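The values are calculated or read from the model by the stated rules, or taken from the named source; none is laboratory data. Source: prediction; values computed, not measured. Every residue, glycine as well, gets a Cβ built from its backbone with ideal geometry; the counts of neighbours run over all protein chains shown. Surface accessibility is based on the protein's heavy atoms, side chains included, excluding ligands, DNA and RNA. Shrake-Rupley method; radii C 1.70, N 1.55, O 1.52, S 1.80 Å.
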Amino acid sequence: MTAQLIDGNALSRQLRANVSARVTALKAKGITPGLAVILVGDNPASQVYVRNKVKACEDTGMHSVLERWPATLSEAELLARVDALNQDTTIHGILVQLPLPAHIDAQKVIEAISPAKDVDGFHIASAGALMTGMPGFWPCTPYGCMKMLESIGYELKGKHAVVIGRSNIVGKPMALMLLQQNATVTICHSSTQDLKALTLQADVIVAAVGKRNVLTADMVKPGAVVLDVGMNRNDEGKLCGDVDFDGVKDVASWITPVPGGVGPMTITMLMVNTLESAERLVA
Ligand code: NAP
């Protein structure tokens, strides 16, 4: 079998066109959705991420504010900026780019963001809402994975999904979203014994580890759907995922590439969350 690609760029274009249309409709009601992005320090990868987020706002017609602060910014000063943005009625989503410098408690900063503007979905209130099935913002990367499954018409009910990785931003919320769609979910991590025995039982595998070749063809049941969240560099310095794409594509039914898979979906879902935050004002 040669798997079909789930094209994150194509799906993103489609979803962002829908976002743009809804932004236009909201503007006609006097509301321009606004995203504030705070970057502290000069981490090169973070600079690329925030630029892409601001550009996505511009492309979809949203208002955006990019605040750049030196790495010497104190925690109290950052908390004061978050508080000001919580009060700012032109801002519907606040994102503090991680990682933060070591002298700042990232969790404290995330908890300072108003849950109503927590478009990254990292606030403890957002995590609780996801866990209990209440309305709230879903973390963008696993939310994007769910949209990818939806785009291929995949019915999760009764299927066995294996999530590799249990971080608060990807693995755990991913597992909860799959569970909410009535999949039977197994969560694997660095202490998991015999990962292959578990992945071989899976109808859906989400790899979110951050290590190359965590999932190889011999670990995949024929016909499984494979989503690759990982972002790594290969020996030539090129971006690659956690999945041995060339091997696994011959076994899976559907697979996401890296690049061009889950990556673009993350920013797209950030746009969706920011738009929905603004839409709640007129709902
Ligand atoms: P993380 O916080 O480092 O978590 C990695 C997880 O993988 C941990 O739960 C760890 O287990 C588990 N793990 C490590 N080695 C393992 C192994 N050999 N077998 C099974 N599980 C193992 O990373 P993250 O933030 O979730 O990100 C994961 C990857 O996704 C990274 O490559 C990151 O760059 C990428 N990512 C991509 C996007 C995107 O937009 N495409 C967004 C976010 C993240 P323990 O808990 O036991 O340590």
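For segment 77-100 and segment 23-54, what is the separation of their C-alpha centers, rounded to whole Å? Taking the Cα centre of each part, segment 77-100 and segment 23-54 sit 12 Å apart.
How do 158-168, 54-64 rank on mean C-beta neighbours within 10 Å, highest first? Provide the component values of the computation, followed by the final result.
On the way: 158-168: 21.0, 54-64: 18.4.
Averaged packing, sorted descending, gives the order 158-168, 54-64.
Of 29/55; 55/147; 147/196; 196/238; 53/211; 196/221, which pairs sit farther than 19 Å apart, going by alpha carbon to alpha carbon? In this structure, 29/55; 55/147; 147/196; 196/238; 53/211 exceed 19 Å between Cα atoms.
Only beta bridges with both residues in the chain are counted; by DSSP, about 5 percent of them are antiparallel.
Using a probe of 1.4 angstrom, how much of the accessible area of segment 140-263 is carbon and sulfur, in percent? Could you put the intermediate results ahead of the total?
Details: 2660 of 5430 Å².
Carbon and sulfur atoms account for 49 percent of the accessible area of segment 140-263.
Net length available on complete extension from residue 10 to residue 114 is 34.2 nm, with 0.36 nm assigned per residue and the Cα-Cα distance removed.
Computed over the alpha-carbon atoms, segment 69-111 gives an Rg to Rh ratio of 0.95, Rh here being the Kirkwood radius from the mean inverse distance.
Axis of helix 171-180 versus longest Cα principal axis of the chain: the two differ by about 80°, to the nearest ten degrees.
Could you tell me which of rounded, prolate or oblate describes segment 30-116, using a ≥ b ≥ c as the square roots of the eigenvalues of the alpha-carbon gyration tensor, with rounded for a/c under 1.5 and, failing that, prolate when a/b is larger than b/c and oblate otherwise?
Numbers: a/c = 2.34, a/b = 1.29, b/c = 1.81.
In terms of gyration-tensor shape, oblate.
Note on residue 80 and residue 157: the model spin-label points, each 7 Å out from Cα along the C-beta direction, lie 5.5 nm apart.
Ordering 27, 53, 238 from largest to smallest accessible area (1.4 angstrom probe), what's the sequence?
Values: 27 90, 53 30, 238 135 Å².
So the residues, ranked largest to smallest area, are 238, 27, 53.
For segment 140-263, the square roots a ≥ b ≥ c of the C-alpha gyration tensor eigenvalues yield an a/c under 1.5, which makes the shape rounded.
Going by accessible surface with a 1.4 Å probe and the largest first, 68, 81 read 68, 81. Between helix 44-60 and the chain there is an angle of about 70 degrees, using the helix long axis and the longest principal axis of the Cα atoms. Based on protein heavy atoms only, the chain ends up with 46 Å² per residue of surface accessible to a 1.4 Å probe.
Ranking 281, 39, 98 by solvent-accessible area of protein heavy atoms (1.4 Å probe, all protein chains present), from largest to smallest, gives 281, 98, 39.
On full extension, the segment bounded by residue 107 and residue 181 gains 23.8 nm, given 0.36 nm per residue less the C-alpha separation.
So how far, in whole Å, is the C-alpha centre of segment 111-132 from the one of segment 144-197? Centre-to-centre distance over Cα atoms comes out at 20 Å.
Take the Cα of residue 196, go 7 Å toward its beta carbon, and the backbone nitrogen atoms of segment 235-250 under 15 Å from that spot belong to 244, 248. Based on the reciprocal of the average 1/r between different C-alpha atoms, the Kirkwood radius for the chain equals 19.5 Å. Give me the percent of accessible area attributable to carbon and sulfur for segment 30-116, probe 1.4 angstrom. Answer for segment 30-116: carbon and sulfur cover 57 percent of the accessible area. Rounding to the nearest 10 and keeping the result within 0 to 90°, find how far the Cα-based axis of helix 140-151 lies from the longest principal axis of the chain. Approximately 50 degrees, to the nearest ten.
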